[in-house]
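Report on the structure given below.
The values are calculated or read from the model by the stated rules, or taken from the named source; none is laboratory data. This structure is a prediction, so every number in the text was calculated from the model and none was measured. Note that we place each Cβ from the backbone using ideal geometry, even for glycine, and neighbour counts take in every protein chain shown. Just so you know, the surface numbers come from the protein's heavy atoms only, side chains and all, with ligands and any DNA or RNA stripped out. Shrake-Rupley method; radii C 1.70, N 1.55, O 1.52, S 1.80 Å.
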Amino acid sequence: MIQLVYESRFGLARGALLLDGRPFCYQEGLENDPALDRLGVVSLARLTAKAGGMAFLTLADGAEAILDAPQEILAKLPEGAAVEIEIVAEARAGKRARARLLKEGQGALRRLSPVASLRERLLALAGGAVAELDDPDVLDAAEAEALSPSGPMSGGGHLSLERTRALIACDVDAGAGESVLTPRAFAKACNERAMAEVARRLRLSGLAGLVVVDLIGKRHDGARLTGLLRAAFGDEPVQIGALGKFGTLEFVRPWAATPLMDRRDDPLRHAHLLLREAARRAEPGRFLTLRAPATILDRVRTQLAGSLDPLAAVMRLESAAQTEVMLT
């Protein structure tokens, strides 16, 4: 059974999906995000330019994206054409969002799919019945792991994930822990449990693209490991290559949602963190002073404007170089 942990306040929300008590998905942001460059959003966009075999789009809200379509199709689309598209990969560090062509369109640029809440998007990802769990500590743990996916594996061994410009490097290490197994048997067990952990941590962190897993040792059962990896990804369209002679396993996972680590400097994320800290520190009869740079306070003001949350009435905002919450 998949569990959903979810919380929302001030129009901001965050949630995590857990399987067997372990998080495999974490998302946060506006509770109802109207942006057109979010994963799965269908809209009518404008083909603004073609260059170097690529096509560039402008969406109705001003966001930009790259259009994925066969060259023979792109050749028939003139610049300025209206096209119906679906976002298949959100923007990430140094990369624009990507969209797939559905068909040519007509009329004004506009959104075609309804705005889905963060909760609805998580339930859709769960793909079935979920159990509700109310535990902010679980959300905090999922968020922390999404930002830093390297760490020990349950049952023994250590898995490191490092992002480079070209690929995601994963290293499986037996570590220094004691085991009742022989070194060779323990290494085999670590490699096998790493297949499920690689899939879970990539999903949780939002990392994708070319992934190279450096396994322990060099003599492996390739069919066994690739079978475990494919099972761990389920229906995801992951392309798995043959096991390398140097003990590495390579595969490609398509990019989808923006990795949380790419949003570290996003004013909306910092506003969310600041409001969460204020909610934790609130005491009856006390005012809260939220201090932060102006760009973050602007986002806080937007979320507090018209809010019916009783905490909004006791918050005061002050510009400062560092974020801070004070009780007064």
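The orientation-averaged shadow of the Cα convex hull for the range 76-118, equal to a quarter of the hull surface, comes to 4.4 nm². Each listed q (0.13, 0.24, 0.25 Å⁻¹) maps to a log10 I(q)/I(0) for the range 21-90, found by the Debye formula over equal Cα scatterers with no solvent: -0.44, -1.07, -1.14. Accessible surface for residue 323 stands near 80 Å², nearest 10, in the context of the full protein assembly shown (1.4 Å probe).
Per 10 Å bin, what is the whole-percent P(r) computed from every C-alpha pair distance within the chain? Once binned at 10 Å, the Cα pair distances of the chain give 5, 21, 27, 25, 15, 6, 1.
How big is D, in µm² s⁻¹, for the range 114-213 by Stokes-Einstein at 10 °C and 1.306 mPa s if Rh is the Kirkwood radius over C-alpha pairs? Using the Kirkwood radius from Cα pairs, D works out to 102 µm²/s. Placing +1 on the Cβ of each Lys and Arg and -1 on the Cβ of each Asp and Glu in the chain, which of 82, 108, 206 has its Cα farthest towards the positive end of the resulting dipole? So the residue furthest toward the plus end is 82. A straight Cα-to-Cα reach below 18 Å connects residue 188 with the lysines 218, 245, residues fewer than 8 places away in its own chain not being considered.
Using a probe of 1.4 angstrom and keeping all protein chains present, the accessible surface of the chain works out to 51 square angstrom per residue. Over all Cα atoms in the range 197-328, the spread is summed up by Rg and Dmax: 22.9, 67 Å. Here residue 50 is the anchor, and the lysines within straight C-alpha reach of less than 28 Å, apart from those fewer than 8 places off in the same chain, are 76, 95, 103. Element breakdown for the range 215-257 at a 1.4 angstrom probe: carbon and sulfur atoms account for 53% of the accessible area. The candidates 73, 216, arranged from most to least accessible area with a 1.4 Å probe in the full protein assembly, appear as 73, 216.
Take the Cβ atoms of residue 248 and residue 308, set R0 to 56 Å, and the FRET efficiency comes out at 0.55.
Taken over the range 266-328, the percentage of Cα pairs per 5 Å bin, counting from 0 up to the bin with the maximum distance, is 4, 20, 34, 27, 12, 3, 0. When the inverse distances between all different Cα atoms of the range 38-145 are averaged and flipped, the Kirkwood radius reads 15.7 angstrom. Two numbers describe the Cα atoms of the range 1-48: Rg and Dmax, which are 14.6, 47 Å.
Positive end of the dipole of the range 177-312, charges at C-beta (+1 Lys, Arg; -1 Asp, Glu), about the Cα centre: which of 233, 289, 246 has its Cα farthest in that direction? So the residue furthest toward the plus end is 246. Computed about its Cα centre, the charge dipole of the range 112-262 is approximately 840 debye, with only Lys, Arg, Asp and Glu carrying charge at their Cβ.
Each Lys and Arg Cβ is given +1 and each Asp and Glu Cβ -1; about its Cα centre, the chain then shows a dipole of about 620 debye. Accessible surface comparison of 326, 1, probe 1.4 Å, protein chains only, largest first: the order is 1, 326. When the helices of the chain are scored as -39500 (n - 2.57) per DSSP H run of n ≥ 4 and the total is divided over every residue, the value at 222 nm lands at -8000 deg cm²/dmol. Sparsely packed loop sites in the range 86-182 (the GluC sites (Glu not before Pro) outside DSSP H, G, I, E and B with at most 11 other Cβ atoms within 10 Å) comprise 178. Scanning the chain for trypsin sites (Lys or Arg not before Pro) in DSSP loops with at most 15 neighbouring Cβ atoms within 10 Å leaves 77-164 as the longest stretch between them.
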